[in-house]
Amino acid sequence: MIAAVPRPLRNIAICAPATPLKRTHAEAVEALAAAEFSELALTFHPQCFEEGGHFAGPDARRLAAFLECANDPAFDAVWFAKGGYGSNRIAREAVAGLNAAGKAKPYLGYSDCGTLLGALYRAGAGRPVHAPMPIDIKRPGGDAAIRRVLAWFCGSDEGVEPSLGERPAAAFNLYTLAMLVGTEFMPSLAGHDLLVEEVGEYDYAVDRLFFHVTQHLGDVAGIRLGEVSLVPENDRPFGASIEGIARFWCDKSGIPYLGRAQIGHMADNRIVPFGLEAARPPA
């Protein structure tokens, strides 16, 4: 399991393993940090703002930026700027290229960047943490999401997902997790509380994703359902709620359904450190 993350973390490197960030969003995050968390130093790698087709620069550029941030001992943590598709294209080389400093620090993000979090967790390298990203500043109320992470860097646990208990935990976007299973990057989640969320998928697609994931992860301690947002309207009703879908596939596969979690593509997205870092004594 991943050991507890020593905090506070003062010097934070930010890179974009998938798609580019707008400078205006970075500036808004920097302004919030300067006003309320002056003890933190945020460094946005120039690669965050580069564009190469869909991506924040070519694969080689994104990989190089990741490793520069990860392997520099001056940085205490790496914060992923934004999701979108692309982190899987550099995941193998990213994990293989870590030095001792890179293997010791936390990595924060979610959505597509769950691929890197999963790959790191499988390798026992770094300390993966599901958490809001700088891009979330653009959401209504997004300053609260950024503030939650900045406070966590400083040592606060107020932004941690409240359902976490004494078992190890991990959190993923459901689509990203479905793409991970069966690959070289998929970690063992045996005995874990697995938290999942989704965005922008039809009800039937969420049903299909749960079918696929539960076929592969029967050894988890249970599944907790986060936010499923921006569900498109289909030409006919699916006939079951999102929570009904989650319960159906949990029951069918013999996986305990654990209830809801406050994670997802929303301003209220909570922090979920992977492994036993999440374990806290009951209140």
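Since every read-out is calculated from the coordinates, none of them should be taken as a lab result. Only a predicted model underlies this, so the values are computations on that prediction, with no experimental measurement involved. A quick note on method: Cβ atoms are made from the backbone with ideal geometry, for glycine too, and the neighbour counts reach across all protein chains shown.
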>> Rounded to the nearest 5, what % of DSSP beta bridges with both residues in the chain are antiparallel?
In response: 10 percent
>> Under a crude label model (7 Å from the Cα following the beta-carbon direction), how far is Ala144 from Glu243 in nanometres?
In response: 2.0 nm
>> Report the gain in length on full extension from Thr43 to Tyr257: 0.36 nm times residue separation, minus Cα-Cα distance, nm rounded to one decimal.
In response: 73.0 nm
> What is the extension gain from Asp72 to Thr24, computed as 0.36 nm multiplied by their sequence separation minus the C-alpha to C-alpha distance, in nm to one decimal?
Replying inline: 14.7 nm
> In segment 50-187, if every C-alpha pair distance is counted and binned at 5 Å from zero, what percent goes to each bin?
Replying inline: 2, 10, 19, 23, 23, 15, 7, 1, 0
> So what does the Cα-only Debye profile of segment 55-114 read at q = 0.19, 0.23, 0.27 Å⁻¹, as log10 I(q)/I(0), no solvent term?
Replying inline: -0.65, -0.96, -1.28
>> Give me the one-decimal Kirkwood hydrodynamic radius in Å for the chain, with the sum taken over alpha-carbon pairs.
In response: 18.8 Å
> Between Pro232, Pro106, Pro134, which gets the highest mean-square fluctuation from a Gaussian network model of the chain, Cα cutoff 10 Å?
Replying inline: Pro232
> What Kirkwood radius, in Å to one decimal, follows from the Cα pairs of segment 113-153?
Replying inline: 11.3 Å
> So who's got an amide H within less than 5 Å of the one on Arg127, skipping anything under 5 residues away but keeping other chains? H placed 1.01 Å off N, in plane.
Replying inline: Lys105, Tyr107
>> 5 Å is the cut-off here: which amide hydrogens, built 1.01 Å from N in the peptide plane, fall below it relative to Thr19, excluding neighbours closer than 5 in sequence?
In response: Ala56
> Which links in Lys82/Lys103; Lys82/Lys105; Lys82/Lys252 stretch past 29 Å when you go from one Cα to the other?
Replying inline: Lys82/Lys252
> Which of the helices in the chain meet the span-like rule: DSSP H, Cα axial reach of 15 Å or more, Kyte-Doolittle mean at least -0.5?
Replying inline: 23-36, 59-71, 142-153, 203-216, 242-253
> Per the Kirkwood treatment, what hydrodynamic radius in Å, one decimal, follows for segment 132-211 from the mean inverse distance over all distinct Cα pairs?
Replying inline: 14.9 Å
> If the viscosity is 1.567 mPa s and the temperature 4 °C, what Stokes-Einstein diffusion coefficient in µm²/s follows for segment 15-124 when Rh is the Kirkwood radius over Cα pairs?
Replying inline: 92 µm²/s
> In terms of the ratio Rg/(2.2 N^0.38 Å) built on C-alpha atoms, what value belongs to segment 153-280?
Replying inline: 1.04
>> Let's see if you can work this out: charge +1 on each Lys and Arg Cβ, -1 on each Asp and Glu Cβ, no other charges. What is the dipole magnitude of the chain about its Cα centre, in debye to the nearest 20?
In response: 400 debye
> Stretch Thr183-Tyr85 to full length: gain in nm at 0.36 nm per residue minus the Cα-Cα span?
Replying inline: 33.6 nm
> What is the P(r) of segment 42-89, as percent of Cα-Cα pairs per 10 Å bin from 0?
Replying inline: 25, 59, 16, 0
> Among Ala4, Val228, Gly264, whose Cα lies farthest out toward the positive end of the dipole of the chain, if unit charges sit on the beta carbon of Lys, Arg (+1) and Asp, Glu (-1)?
Replying inline: Ala4
> Distances over 13 Å make up what percent of all Cα-Cα pairs in segment 1-64?
Replying inline: 67 percent
> Across the Cα atoms of segment 227-274, what radius of gyration and what greatest pairwise Cα-Cα distance (Dmax) are found, in Å?
Replying inline: 13.3, 39
> Using 1/(1 + (r/R0)^6) with R0 = 35 angstrom and r between the beta carbons of Ala96 and Glu158, what's the FRET efficiency to the nearest 0.05?
Replying inline: 0.45
